[in-house]
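The next block holds one structure in the form of structure tokens; read it before the comments.
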């Protein structure tokens, strides 16, 4: 029994995000049985997976107590790149995919290098590199267009036998292949350690710089997976600044809803995935309350505002007011 | 030949000499206690052993071979593990993660959580923390349990020398007993234990050898139990002082209403029923070892702490001070010179002028607009009053010397003309000349009617400056020393909570003679 | 002489000097390309365009000086534009006048929400302003019904944004001048300004000095909201109407302008002159790149690279260990 309490406690935030998402989902489905068919679910899942990938990317940087305001732009850049090179024969396509993922990782690594060795604040660094990545995207796709290997695209955005959205399975594989090993590796723990307390991590001999570089690079990799997936959904590339900005902002929202601490060191990318799915479902929930779709963004905003305010409950426990102030 | 030896170690920090020709021999299978008053050089010594600080001069020999530690990691490698007062745990990670952080067991390149857990459980068991679940996040543990995790973390590195710096100061009595058992077992396993504690009864219970430090030098090493507490205190005192203190007024016990009076102040487990009175014109000292609640007491008086029970009266009138803003208001007129001038007192990148006028802006402005002429005049006044040496008041305060920074901090509060001045160890890390100026200033302020409550870790200052001294131990006032009773002997023995009537009588006799 | 020079050098923030140096260099490079770059007409036009960013960056600067950040700029700008045009069309001639203060007040209200979250609930400003941005967006979607707003800006708004006054100086520039003078006064001559710098350096020290810092933070965010909305009002006047994404292009440039002007992103350091330099620099950079017919893509890349390089020159943090 006791054992389970600790096991659950370890993943409390993630579980909470999962339960809230499940609740929303159940309310949604039970009120709209008609709207619940395989096609609708697949479309919803694809949208959710897009944000989930970008939110995972954001999570890994946030764990180091940093922030990445360029994830959305890496997402857009790799989308544009994929609309050029993920085409043709099987071999060509495979090379293209590798090229896209490598580009994303390099973008992330560049952010990391500037933050670590240039000693610039993550927030301004990624604002500036975001402009660079967007510029590159625009150079690749001055106007929307391009193509993608449709066999691959359809197989990843469609349904598996039994109506299961293929995108969810793909997301599951990404978690299994990237997140789980990362979480359980020494470098992954170093990322948590550096975000939790940089000084204590230093005293304990944790390789802080290496951990941060890995975190930023992985973040770029995950963002590029998002970009790739966007290409599979739209069959094209589009250098849309608005899209990039929106995904950056939504990724932070998903991270917060998923229980990842913005102060670093605590939380899980799996939590952020549910945060992303939650954020997507909030909008759809409005149908349940028979509100006009127009109210959807406002509703999303208010839910986000309330969710972030809940964290202030901890203030009541503070006995020394100096602890309120950095 | 000793297992570990330090010889002729010197260390200076700036102009201050922390260690002067110190040496130490540590034997395997023994508990070696290190004693000394605040600033005697104990902390520097162990920091050198642990690779945190490099000595200026001196040799370290381990098992007959000369060693040098450039970092905590290299000291670790050599088998020296240190448990510092400031915790080095990662708050968001689990106990098991923390224990295995520097060398986790791996399988297929990933951390083997099962093996890690086994290591953690073993280490916890050795450290007496069997009841701590390895999956608990460290931040959820109370301080005393964290200390045990620290010990387990050190043990997991299988050290040959274990250094404990005030490792029991945060522990409850039951935990302390557990630690004793653990330490005794470690000793029987052949570990060398270096133990720093201010609790004399702990040392009596645990130590095999004791070394007393004074003025950065080891002055005596003896077998535990061969000296009385009184003899130990005699060894610890006798620092060399070169300060000149202003003469104290012949104390007239006043019957007036005290300017500041506190009754039965308590806060969490850090302050226990503290009552005190400070009269106008009086300098009252707070003594005791560092970290016995002095800082919290000052913060409680200044309205920073939440949930303080007890009463505070100003001029005999009950006041509830709930914020520094209220505390400095003219009706109360309180000022606090905080401990850490770099983060709590001053804004280093801001100019001397802006720092000086910061607390007093309310009275130097009208409708929120600063009257620059009166600001300049007031700033010039205090700069002159405290003879602050600066190239220009527009330069950042961070460019000043430590002593001048401290003067700016005090001057900043003098600008609000406080009637009650609380000082938290204001002379730490500043030069002798400035110290003396500050002593003069304190007396001058008192003479002009201020009530001063002065915490210092330097006993000489308490003796030289204060009319009365309250000695704190474990969050409570243990003793009040008045006038001629404020002696180094009395301060040290009451700080160590050794209260023996005969000793006190003896001390008084000695003074009388 | 050299002593005077040295004392001058000491009193001018190197970052501000570098920013102004870059402006001169840009103008020089531009003049090599075409002499029209240094013509008064071109420069005035640049300053007019810079005014909108200048007003918005003023609010961003106050918040950054606190050591916080305001990510709600995009939709607070849009709120300012949309609410002012709405009032202008609802209430006829009266609305035309009160449109401007009304738009600003809507921004102040949103700023108060952010400020309350940061000051009293101690939520990181990055998140709470993000949420307020989402709420503002939601409100505007409801307000416009999801279509692009049809209301036209009022005469007064157009006058402020596009008109010229004495000596042909654009009114927008005069507005920025007034806002900038007020901000300079506020930051350097009032207790509020001192507290803002103090909080950016050390919240603890400010609190222990007996300053009511939570009120200062609240007010600073309200100011930032109001100024963003004012920027929106001006932009709506400039374009004759408001638009859904009208604020999107102002978040990053406003932060970049403030930081390039030597204000520390960690708070507590910076002066308004630097922000002026940063705003002009960014505007000039953008328009020179566009006049040189460099593609938008190239402009973005150069823009990002320049910011990184300038920050590496003088914006580095101290070493931690």
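The values are calculated or read from the model by the stated rules, or taken from the named source; none is laboratory data. The model shown is predicted, which means the values in this text are computed figures rather than measured ones. Here the Cβ positions follow ideal geometry from the backbone for every residue, glycine too, while neighbour counts run over all protein chains shown.
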Query raised in the report: What do you reckon, is residue B:417 over 20 Å from the mean Cα position of the chain (by Cα) and either under 18 Å from residue B:40 (Cα atoms) or at pLDDT below 90 (or both)?
Result: no
**Report entry** When residues of region B:397-438 are limited to those that are surrounded by fewer than 19 Cβ atoms within 10 Å (Cβ to Cβ) and touching a helix residue (DSSP H, G or I) at 6+ places or on another chain (Cβ under 6 Å), the one farthest from residue B:287 (Cα to Cα)
**Finding:** B:431
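How many residues are over 13 Å from residue C:223 (Cα atoms) and either touching a strand residue (DSSP E or B) at 6+ places or on another chain (Cβ under 8 Å) or in contact (Cβ under 8 Å) with a residue 12 or more places away in the chain (or both) when one looks only at region C:170-179? Let's see the steps before the verdict.
Taking region C:170-179 first, the residues over 13 Å from residue C:223 (Cα atoms) are C:170-178.
When the remaining residues are screened for being either touching a strand residue (DSSP E or B) at 6+ places or on another chain (Cβ under 8 Å) or in contact (Cβ under 8 Å) with a residue 12 or more places away in the chain (or both), the result is C:170-173, C:175-176.
Total satisfying the criteria: 6.
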Query raised in the report: How many residues does region C:115-151 hold that are over 26 Å from residue C:216 (Cα atoms), assigned to a loop (DSSP other than H, G, I, E, B) and either within 11 Å of chain A (Cβ to nearest Cβ) or modelled with pLDDT of 90 or more (or both)?
Result: 3
**Report entry** Residue satisfying condition, being free of Cβ contacts under 8 Å to residues at least 24 places away in the same chain and either more than 10 Å from every other protein chain (Cβ to nearest Cβ) or over 18 Å from residue B:455 (Cβ atoms) (or both), within set B:353, B:366
**Finding:** B:366
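Name every residue in region A:306-322 that is in a helix (DSSP H, G or I) and at the interface with another protein chain (Cβ under 7 Å from one of its Cβ atoms), in order of residue number. Quick ask: steps written out before the conclusion?
Here is the first cut: in region A:306-322, the ones in a helix (DSSP H, G or I) are A:306-317, A:321-322.
Across region A:306-322, the qualifying residues are A:308, A:309, A:311, A:312, A:315, A:321, A:322.
If the requirement is being at negative phi and more than 8 Å from chain C (Cβ to nearest Cβ), which of these qualifies: A:302, A:282?
Numbers: A:302 fails: more than 8 Å from chain C (Cβ to nearest Cβ).
Sole residue among the options that is at negative phi and more than 8 Å from chain C (Cβ to nearest Cβ): A:282.
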Report summary line: Wholly inside region A:139-197, helices (runs of 4 or more DSSP H) that include 2 or more residues that are in contact with a helix residue (DSSP H, G or I) (Cβ under 8 Å, 6 or more places away or on another chain), within 14 Å of another protein chain (Cβ to nearest Cβ) and under 30 Å from residue B:93 (Cα atoms) are A:180-184, A:186-196
Report task. Return the only residue of C:255, C:302 being in a helix (DSSP H, G or I), within 11 Å of chain A (Cβ to nearest Cβ) and free of Cβ contacts under 8 Å to residues at least 60 places away in the same chain. Result -> C:302
Query raised in the report: Taking region B:1-37, which residues are surrounded by fewer than 20 Cβ atoms within 10 Å (Cβ to Cβ) and more than 24 Å from residue B:64 (Cβ to Cβ)?
Result: B:12, B:13, B:14, B:15, B:16, B:17, B:20
Query raised in the report: Which condition does residue B:45 not pass, out of (1) in a strand (DSSP E or B); (2) out of contact with any helix residue (DSSP H, G or I) (no Cβ under 6 Å at 6 or more places or on another chain); (3) touching a residue at least 40 places away in the same chain (Cβ under 8 Å), if it passes all the others?
Result: (1)
Requested in this report: Please give the number of the condition residue A:111 fails out of (1) over 30 Å from residue A:38 (Cβ atoms); (2) more than 10 Å from every other protein chain (Cβ to nearest Cβ); (3) in contact with a strand residue (DSSP E or B) (Cβ under 8 Å, 6 or more places away or on another chain).
Outcome: (3)
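Which one is farthest from residue B:396 (Cα to Cα), of the residues in region B:303-321 that are surrounded by fewer than 16 Cβ atoms within 10 Å (Cβ to Cβ) and touching a helix residue (DSSP H, G or I) at 6+ places or on another chain (Cβ under 9 Å)?
Pass one, region B:303-321, residues surrounded by fewer than 16 Cβ atoms within 10 Å (Cβ to Cβ): B:307, B:309-311, B:316-318, B:320.
Restricting the remaining residues to those that are touching a helix residue (DSSP H, G or I) at 6+ places or on another chain (Cβ under 9 Å) gives B:310, B:320.
Numbers: B:310: 41, B:320: 36 Å.
That would be B:310.
Condition check: at pLDDT 80 or above, in contact with a helix residue (DSSP H, G or I) (Cβ under 9 Å, 6 or more places away or on another chain) and within 29 Å of residue B:28 (Cβ to Cβ). Does residue B:176 satisfy that? Don't jump to the end; show me each part of the working.
Values: at pLDDT 80 or above: no; in contact with a helix residue (DSSP H, G or I) (Cβ under 9 Å, 6 or more places away or on another chain): yes; within 29 Å of residue B:28 (Cβ to Cβ): yes.
When the stated conditions are applied, residue B:176 does not pass them.
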Requested in this report: Would you mind stating whether residue A:202 is more than 14 Å from chain B (Cβ to nearest Cβ) and either part of a helix (DSSP H, G or I) or touching a residue at least 60 places away in the same chain (Cβ under 8 Å) (or both)?
Outcome: no
**Report entry** Unique match (being more than 21 Å from residue A:45 (Cα to Cα) and either away from every other protein chain (no Cβ under 11 Å) or touching a residue at least 40 places away in the same chain (Cβ under 8 Å) (or both)) among A:264, A:258
**Finding:** A:264
Query raised in the report: Is it the case that region B:71-94 has a residue that's crowded, with 19+ Cβ neighbours inside 10 Å, within 25 Å of the chain's Cα centre (by Cα), assigned to a helix (DSSP H, G or I) and facing another protein chain (nearest Cβ under 8 Å)?
Result: yes
Report summary line: Among (1) within 13 Å of chain A (Cβ to nearest Cβ); (2) in a helix (DSSP H, G or I); (3) crowded, with 23+ Cβ neighbours inside 10 Å; (4) touching a helix residue (DSSP H, G or I) at 6+ places or on another chain (Cβ under 6 Å), residue B:117 falls short only on (3)
Query - Identity of the residue in region B:120-136, within 9 Å of another protein chain (Cβ to nearest Cβ) and closer than 17 Å to residue A:184 by Cβ, that ends up surrounded by the fewest Cβ atoms within 10 Å (Cβ to Cβ) - result: B:135
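So, restricting to strands (runs of 3 or more DSSP E) that lie completely within region B:276-336, which ones have at least 2 residues that are at pLDDT below 95 and within 13 Å of chain C (Cβ to nearest Cβ)? Spell out the reasoning first.
Values: elements: B:283-287, B:309-314, B:317-319.
Strands (runs of 3 or more DSSP E) meeting the threshold: none at all.
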Requested in this report: Scan region A:273-287 and give yes if some residue there is touching a helix residue (DSSP H, G or I) at 6+ places or on another chain (Cβ under 9 Å), modelled with pLDDT under 85, buried (at least 21 other Cβ atoms within 10 Å of the Cβ) and closer than 19 Å to residue C:129 by Cβ, otherwise no.
Outcome: no
Query raised in the report: Among A:267, A:271, which is assigned to a loop (DSSP other than H, G, I, E, B) and closer than 28 Å to residue B:137 by Cβ?
Result: A:267
Query raised in the report: Which pairs do you get when a residue that is at positive phi and surrounded by fewer than 18 Cβ atoms within 10 Å (Cβ to Cβ), found in region B:385-396, comes within reach of a residue that is modelled with pLDDT of 85 or more and assigned to a loop (DSSP other than H, G, I, E, B), reach meaning Cβ atoms under 7 angstrom, with the pair 6+ apart or on two chains?
Result: none
